[in-house]
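First the structure, in the form of structure tokens, and then the observations on it.
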Amino acid sequence: MKTEKPGAQTDQTRTTVEITTAALEDVVGIQDVLYRTWLATYPSETFGINVDDIEEMYKDRNSEETLAKRREQVSRPQETTLVAKEKDKVVGLCRIIKREDKSVMEAIYILPEYQRLGIGSSVWREAQKLLDPKKDVVVQVATYNTDAIEFYKRRGFRDTGKRWAEKKFRLKSGAVIPAMEMIIKGKKE
Ligand SMILES: CC(C)(COP(=O)(O)OP(=O)(O)OC[C@H]1O[C@@H](n2cnc3c(N)ncnc32)[C@H](O)[C@@H]1OP(=O)(O)O)[C@@H](O)C(=O)NCCC(=O)NCCS
């Protein structure tokens with residue numbers, strides 16, 4: 001799908017951002033979007049999460065092992081990674097995992113300089129085409145990521161009330177990102 005969006009360039013040129021299923025060669029771009037967007041989104045003084053924590057998490061982002069894992073993930077039949085691309089550059093992504101009982105959306109990430117241009121909305125529109133309307137769709141969000149919570153709310157997601165701290169992702173500083181769950185209920189017949 002192609003959408004005309006104003007590009008992030010300062011010269012006001014218009015560029016085309018295309019949403020497609022990720023290809024194996026997109027993995028380096030995917031790692032870059034995750035790393036840069038995490039750095040811009042998750043450091044929090046309140047929760048003791050610092051830039052160094054995120055740098056540590058992504059320090060091996062371009063290692064052959066990490067890229068191989070990402071390639072394997074992109075190839076899984078029960079999952080779809082959608083990428084938003086400006087020419088060959090990955091500027092955003094989202095991962096959909098189809099489970100027996102529900103669909104899991106592994107969040108939408110758009111590069112900071114490409115946010116608020118409508119690209120996240122376009123990714124969500126494409127993601128919906130892949131989702132079974134009869135099944136619940138869940139997304140996990142950091143409890144302090146108010147922009148993302150609002151974004152999902154305006155697209156129909158509701159807070160399930162579930163809260164947890166993912167201990168297995170304990171960061172270098174010892175901090176843990178507090179998480180919450182949001183849901184769009186499936187239309188059961
Ligand atoms: C949250 C996120 C996915 C939204 O994607 P996005 O591309 O920035 O979102 P969009 O531009 O499609 O829409 C965001 C809002 O900005 C508005 N907007 C779009 N273009 C705009 C513009 N040129 N100027 C001002 N506002 C604009 C949209 O109307 C929309 O408002 P709405 O929700 O009331 O409809 C993105 O900002 C992001 O990646 N954030 C950081 C990572 C993150 O937190 N991800 C979610 C993890 S759970």
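Descriptive notes on the structure:
- In this label model, LYS59 and LEU130 are separated by 3.2 nm, measuring between points 7 Å along each Cα→Cβ vector.
- Members of LYS59/LYS153; LYS59/LYS102; LYS98/LYS162; LYS129/LYS153; LYS98/LYS167; LYS69/LYS185 lying beyond 28 Å, as alpha-carbon distances in this model show: LYS59/LYS153; LYS59/LYS102; LYS69/LYS185
- Simple spin-label estimate for ALA175 and ASP88 gives 3.7 nm between the two label positions (7 Å along the Cα-to-Cβ direction from each Cα).
- Taking a ≥ b ≥ c as the square roots of the Cα gyration tensor eigenvalues, region 53-126 comes out oblate, since a/c reaches at least 1.5 and a/b does not exceed b/c.
- Of all DSSP beta bridges confined to the chain, the antiparallel ones make up roughly 90%.
- Cα shape, the chain, gyration tensor, a/c 1.5 rule: rounded
- Listed peptides 141-153, 66-78 by packing density, highest first (mean Cβ within 10 Å): 141-153, 66-78
No lab work stands behind these numbers, since they all come straight from the coordinates. Nothing here was measured: the structure is a model prediction, and the numbers come from that model. Glycine gets a Cβ as well: all are built from the backbone with ideal geometry, and neighbour counts include every protein chain shown.
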